[in-house]
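The values are calculated or read from the model by the stated rules, or taken from the named source; none is laboratory data. What you see is a predicted model, and the numbers here were worked out from it, not measured in a lab. FYI the Cβ positions are ideal-geometry reconstructions off the backbone, even for glycines, and counts take in every protein chain you see.
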């Protein structure tokens, strides 16, 4: 029995509200249960130095958490004077995941920065950031295309992510914080809309896991990502 | 004529939604026109070292702005490795303003940290942070009192803030970004619900200002703060 | 009765010694009672990136305090690895105040940096820095004009500052440290030689203050600034 | 055909030289082809604050790369003033992987820090660090046990790691730099001596990967880790 | 012929004004020609952690330079976010030099921090800091002894420093900036009042130097330090 | 009697293994007894900004110590966020020493960075770094000359360094850690192959030292450096 009463293969309820800020080229507020992430995509007509005159675009991501997004208050990273290792690891993952769906020559020499800021956390913030980040990116790209600045669509398809784990001895989909903090194994899966794998990260917490267990998590992930992709498409009107 | 079409002495529309996050002891999302600030109050049963064994409580504030809260994206302070001078100046002002309404012996040896994070900016973020920060603080204190942890109310009254300025040669209330960026004089007023002055900050931008002009701004501020206090009281059910 | 025995409307004794260092284009050592600040103005024939090819000059300020300028030793900011919020707030105020008197097109694409370093502190260091900083700036500009590098005077007039406060229930002029640390209200006024207002900053410490009290402080400030401006003019031979 | 001429399922030649520094409680120099990592295990009779009086031990890891371990010189992180996101991600992985084999109550309130410093890099430095880091840890623990400071062995078994990838369309074992920089998919596997999974990290570079491809990588990894575990055991005389 | 017209073995004119700040336990403004350093000694009734309960005192030093102490303005270290390698090297030298004259058990568990801040620089700032720093230290210790807090004098004698160099092919005493920047060899000597050597630092700039040349510099240094010690004693009334 | 049983004027055994890493233009592992330093020279076809278009080359050095190079583990500087004062002082010394042997116009607009990383420490790491650093520099320059990129040899001769000290009342050559930590005086001498002096640094630890003692140390240093130069020449085949 899961703390939330969900079925083993059930996602939390998902809502994706788009165009939530007036300044960003693309934005959404994604809610995966009690995990709420504000995602914005910011377009700049320049690229990092290593890409100048390459004809290639760049998509990068940054991740942050408001100090009281969590049960107890966390120190603000701007005050600590640096981003934690965890933050850097997550934002590198988001950026890598989103770039996997980008046709960089088609984007041209432009940079899109996807900011994922966790307003409220209840487990799975990096997966929600990827899923919501893609929506913000899609909207910003739509705007570019509508303006005629880009001819062919530089987004190759959807990218979404979900976590799975072994909880109470059973494979479950979409861990919330109560599950995550006591799960035996915790894995994050980033996939395309067609089920191609982009990133797989699995960690044993306590006991190790077997290939059979891992395959069961992968089965769940495929189901979950398909549902998230459907939610993305509904949100962007795709 | 103001860019927004407002009367010279009109505030932007104000909404204060309370209890917007499930973790914080007190919280609200304050919207002053297109300026949106998420305010949370976090209670800790400890005080900074300089207050240990003093019997006194502490209220402090931190301020942040999401990278794309603004027209063009700003660099994340956590990545820059430090809070800007502007950020520090604002959070010191918020903390000082809120403490002016706190009976610190009545609070006892507890610390309440008020985080004000700007989700969307359109001028007047520091004033919105103070007005909304007070609501979050009030709700956290209410919780403490309901739990019986505190006997007498440590909040002496309301604290709210508004900006005024000379725009197009005329004194106007509650500058938005379009006005703020071209105002001749810009002033922030922090006051109590009874009209007592807590902080006054006036700056000439371009031309200097006269005592008469400053008095006109003060008149507007008194009107604006009274309306903000009413909105605060409506929000907290006071 | 004030700790120093001064009349309620009396400044501390002021001395402004000019040309105190051989390297700076302009310099002075200002002593406001026991508050001693060394001010230097450094001219550079370049402007910050945001002003390149604008035809406009720039005046900026930095503030520091020697570790043992105070009653007990303070940690050196260079060792702490950052400037405190207080330092940044003060140097932003000094820069903003001095720029209010500068005709930036007349200055041309040059930068003048005014460094204000507190050698000994006894209250009112930010006001002494502004008053002394203006003298250093005036001397540096005089040098530029004498050399024929600038045709019309880019300084529009004097800028001076003084603090006032409610001490022992009475409005007093030019707080020293003993008064400042127990004053009920503390305000800083930056004005031109003609009495135009540049910056007003008033803070309640403990009790709030009324408009009547604030007006009394403003009256004192006008008197004090007039005397400071006379001292500046005597110092620069103006 | 692989650049090195190795068979698809062949590891690079492995040597593990133990006790290479006179100060560390355990140490080795592991060479996986041209990737050379110096691993030391340092014992301290204290634990981080969050474990005090818990009866539990702690194993942590740090990772570094000498500036000229790589083809072109990299900036020294100590001079840059911070560890890169990549460094932090790697050292978090090493620490998590080694802790998976540690019986922390059996270790008692002690900390062992495993430092992995890359002397020469040719791909696969994080995997070599884990495999060599376990040897250093094993030797340090042996020393503790020989001294009688610990009764039961706190190491539950071996931990080793290897990378696999899709290179030239084919699954290959143990990528070197030439392969790594052009591989379509890159995955790191951390396993126990018994084949239990500790960490799995797979990333698409360019194209996505399928479950079938991922399973082929996993097959290779199981073969490779078994060989690495044999090399570890030979090195520690196990 | 030296730029200043001084004889080869002549010091610059030395003045040491004592008790120049009202807060510090000991202070002086030392002027070695146009090099002016403000030295303060701050007493604290505590020692660094590594000396707690050791019965030993500690003397340490910090060094700084005002931004416009030099011909062209230098960036403020507090703003750069760290002390330069040069600054750290100098303050370590000052601290080590002064400690050589301290009987640390006699001082008892107290710390004296000597701050040396260069107001105006014209070469030889580290030597002036040591010579002036000792005066500030002597005065602070005198105060401790007068108050009866210390029974026996913890200062074993004078410490003073001077630079010498090969300028224009000739050994000269007490280099000023014009000489220092073109000297072939530059050496700093720290000695006691009795001529014992504390620190010797000689560097070739361009050509190397011979033992004979180095001995000539040492002869000059002995003469110079004797004169500086006499100036110290005159200043402290010793 | 020395702890190691060496004669008063005996160096530790020296070995210099060259070409120890495959990436660097020049490299060696120098072992002075139990002090082991890996030195690499990295060539770049660019110079720091202050040398652009000057026709002059640049040689600089960086120094590091692996965390467990020492008896007890030291905190990694990359994690501390800055290089210590000691590290900076040492790397400035290494760079200055090596530059003394470089004909910078002959090198042309190129930079060679010599990295000295201490693998194991037992006293005298800065001297070993200079002696080994020169070997790495020599090998990198040889490569440049063999490739025909440079016409005349930009290295003017050898540079080597050794420490001497007063141990147990007697002057001894090449202090190891046991001696260094209890020596009365400690001095480092950097010289050319012809016996010219480049750097002399002597420090009293505890008692001061006399000119006679210093001369005895200088005699020992001349003997030691001659032997080190012979070892350098044997290593580079010179």
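Structure above, values below:
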| item | result |
| --- | --- |
| Residue within region D:44-60 that is touching a strand residue (DSSP E or B) at 6+ places or on another chain (Cβ under 6 Å) and within 14 Å of chain A (Cβ to nearest Cβ) present | yes |
| Pick from region A:195-205, criterion within 7 Å of another protein chain (Cβ to nearest Cβ) and free of Cβ contacts under 8 Å to residues at least 60 places away in the same chain, ranking: nearest to residue D:101 (Cα to Cα) | A:204 |
| Members of region E:12-33 that are within 14 Å of chain C (Cβ to nearest Cβ), assigned to a strand (DSSP E or B) and more than 13 Å from the chain's Cα centre (by Cα) | E:17, E:26, E:27 |
| Criterion (at pLDDT below 95 and within 14 Å of chain C (Cβ to nearest Cβ)) met by exactly one of B:192, B:185 | B:185 |
| Selection count, region A:159-174, where residues are part of a loop (DSSP other than H, G, I, E, B) and crowded, with 24+ Cβ neighbours inside 10 Å | 1 |
| Residues satisfying the stated conditions in region B:109-139, i.e. farther than 19 Å from residue B:18 by Cβ and not in a helix (DSSP H, G or I) | B:109, B:110, B:111, B:121, B:122, B:123, B:124 |
| Complete set of residues in region B:18-33 that are farther than 13 Å from residue B:116 by Cα and touching a helix residue (DSSP H, G or I) at 6+ places or on another chain (Cβ under 8 Å) | B:18, B:19, B:25, B:32 |
| Residues within region F:225-238 that are crowded, with 20+ Cβ neighbours inside 10 Å and out of contact with any helix residue (DSSP H, G or I) (no Cβ under 9 Å at 6 or more places or on another chain), tallied | 0 |
| Subset of region C:109-155 (residues that are modelled with pLDDT under 95 and within 24 Å of residue B:206 (Cβ to Cβ)) | C:150, C:151, C:152 |
| Enumeration of residues in region E:205-223 that are touching a helix residue (DSSP H, G or I) at 6+ places or on another chain (Cβ under 9 Å) and closer than 30 Å to residue E:136 by Cα | E:218, E:222 |
| Among (1) farther than 30 Å from residue D:74 by Cα; (2) in contact with a strand residue (DSSP E or B) (Cβ under 6 Å, 6 or more places away or on another chain); (3) part of a helix (DSSP H, G or I), the one test that residue F:212 misses | (2) |
| Which numbered condition residue B:92 fails, given (1) in contact with a helix residue (DSSP H, G or I) (Cβ under 6 Å, 6 or more places away or on another chain); (2) in a helix (DSSP H, G or I); (3) buried (at least 21 other Cβ atoms within 10 Å of the Cβ); (4) within 14 Å of chain C (Cβ to nearest Cβ) | (3) |
| Check on residue B:151, surrounded by fewer than 22 Cβ atoms within 10 Å (Cβ to Cβ) and either within 21 Å of the chain's Cα centre (by Cα) or not in a loop (DSSP other than H, G, I, E, B) (or both) | no |
| Residue list for region B:70-89, restricted to those being more than 7 Å from every other protein chain (Cβ to nearest Cβ) and either in contact with a helix residue (DSSP H, G or I) (Cβ under 9 Å, 6 or more places away or on another chain) or crowded, with 17+ Cβ neighbours inside 10 Å (or both) | B:80, B:84, B:86, B:87 |
| Hits in region D:175-194 (condition: touching a helix residue (DSSP H, G or I) at 6+ places or on another chain (Cβ under 6 Å) and either over 20 Å from residue D:91 (Cα atoms) or in a loop (DSSP other than H, G, I, E, B) (or both)) | D:193 |
| Residue match in region D:190-201 (condition: at positive phi and more than 15 Å from the chain's Cα centre (by Cα)) | yes |
| Residue identified as part of a strand (DSSP E or B) and at pLDDT 95 or above among E:43, E:56 | E:43 |
| Enumeration of residues in region E:1-28 that are closer than 19 Å to residue C:71 by Cα and surrounded by fewer than 20 Cβ atoms within 10 Å (Cβ to Cβ) | E:18, E:19, E:20, E:22, E:23 |
| Residue list for region B:195-204, filter: more than 22 Å from residue C:196 (Cα to Cα), touching a helix residue (DSSP H, G or I) at 6+ places or on another chain (Cβ under 7 Å) and crowded, with 16+ Cβ neighbours inside 10 Å | B:197, B:198 |
| Set D:102, D:118, D:141: member being surrounded by 19 or more Cβ atoms within 10 Å (Cβ to Cβ), over 15 Å from residue D:39 (Cβ atoms) and either touching a helix residue (DSSP H, G or I) at 6+ places or on another chain (Cβ under 9 Å) or more than 11 Å from every other protein chain (Cβ to nearest Cβ) (or both) | D:102 |
